[in-house]
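Quick notes on the structure that follows.
The values are calculated or read from the model by the stated rules, or taken from the named source; none is laboratory data. What you see is a predicted model, and the numbers here were worked out from it, not measured in a lab. Neighbour counts run over all protein chains shown; Cβ positions are idealised from the backbone, glycine included. Surface accessibility is based on the protein's heavy atoms, side chains included, excluding ligands, DNA and RNA. Shrake-Rupley method; radii C 1.70, N 1.55, O 1.52, S 1.80 Å.
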Amino acid sequence: MYRPKAWRAGQAGLPIVVFLYGGSWQEGGRGGYEFVARAFADAGFLVAVPDYRLVPEVRFPAFLEDSAAAVRWVRANATRFGGDPDRIVIVGHSAGAYNAAMLALDDRWLGEDRQALRGLVGLAGPYDFLPLDTAVTVDAFGQERDLESTQPISFASAGDPPALLLHGDRDTTVYPRNSERLASILRAAGVEAQLKLYPDLGHVGIITALARPFRGRAPVLNDSITFAREVTTDQSRGPSGSQ
């Protein structure tokens, strides 16, 4: 958990960012993403960076169950750390963006707690990747009989939280069509969905652009913060984006 340096006890609850890291559902750890947490905390957010179990220890849907448990814990404990439990933006990169999207779009994972999600920020996320044609996706999802139920695009519907989908146009790990496809389906359902493609940016570059030395490569941090502030500041807007 990370707080802004200027935070003082007794002030109004801070909006919350929950960040889920990527790594093909096979690797990664929260300790490697302090630079992301500090970037959002410096912008005035309470930030949580949880871990989740990885392949081959687990397969789908265990990493979603873990991510959901983390969000529920953050919501239940938000006031202890100075956060507002009803103003959460879920942010993820790559496999973490997949996890974030599934939690934001599919009631199976968060249930009523999904109503606390005021927005989704997906960085280079895989949202539409059938058929399974890589070792990574086969290892993570290959045992699931109903593969359609593993795809975020299957759950995009009216009432979902607003989304900001960011992608580098040079990404050859997770192709930009994933973000384009999800944005299109969300918009068709009447959900606010912003899509931004950054020129000459690849899969790793979009996350390193959040680090101070590389922020000049693309406005990933500024775009994410602007969106997160908008969806957590408008108090007349419900979690679903409706008035």
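Look at the stretch 20-61 and say how many of its residues are part of a helix (DSSP H, G or I), open to solvent by 10 Å² or more (accessible area, probe 1.4 Å) and of a type in the set (A, V, I, L, M, F, W, C). Walk me through it before giving the result.
Our first condition is that a residue be part of a helix (DSSP H, G or I); within the stretch 20-61, this holds for 30-42.
The next check asks that each one be open to solvent by 10 Å² or more (accessible area, probe 1.4 Å); those that pass are 30-35, 38, 42.
Filter once more, keeping what is of a type in the set (A, V, I, L, M, F, W, C): 35.
Within the stretch 20-61, residues that are part of a helix (DSSP H, G or I), open to solvent by 10 Å² or more (accessible area, probe 1.4 Å) and of a type in the set (A, V, I, L, M, F, W, C) number 1.
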Worksheet, complete the sentence: Filter the stretch 79-96 for residues that are touching a residue at least 24 places away in the same chain (Cβ under 8 Å) and among the charged types (D, E, K, R); the one that is most open to solvent (accessible area, probe 1.4 Å) is ASP86
Item to complete: Tally the residues that are closer than 20 Å to ALA62 by Cβ and either β-branched (Val, Ile, Thr) or open to solvent by less than 10 Å² (accessible area, probe 1.4 Å) (or both), restricting the search to the stretch 111-136.
Response: 4
Worksheet item: Give me the pairs: first residue in the stretch 18-31 and free of Cβ contacts under 8 Å to residues at least 60 places away in the same chain, second residue open to solvent by 10 Å² or more (accessible area, probe 1.4 Å), beta-carbon distance under 6 Å, and six or more apart or on different chains, which are they?
Response: ARG30/VAL49; ARG30/ASP51
Worksheet, complete the sentence: Restricting attention to the stretch 116-137, the residues that are under 21 Å from LEU20 (Cα atoms) and either in contact with a helix residue (DSSP H, G or I) (Cβ under 8 Å, 6 or more places away or on another chain) or of a type in the set (A, V, I, L, M) (or both) number exactly 15
Worksheet, complete the sentence: Filtering the stretch 146-171 down to residues that are open to solvent by less than 10 Å² (accessible area, probe 1.4 Å) and outside any loop (DSSP other than H, G, I, E, B) yields THR150, PRO152, ALA163, LEU164, LEU165, LEU166, HIS167, GLY168
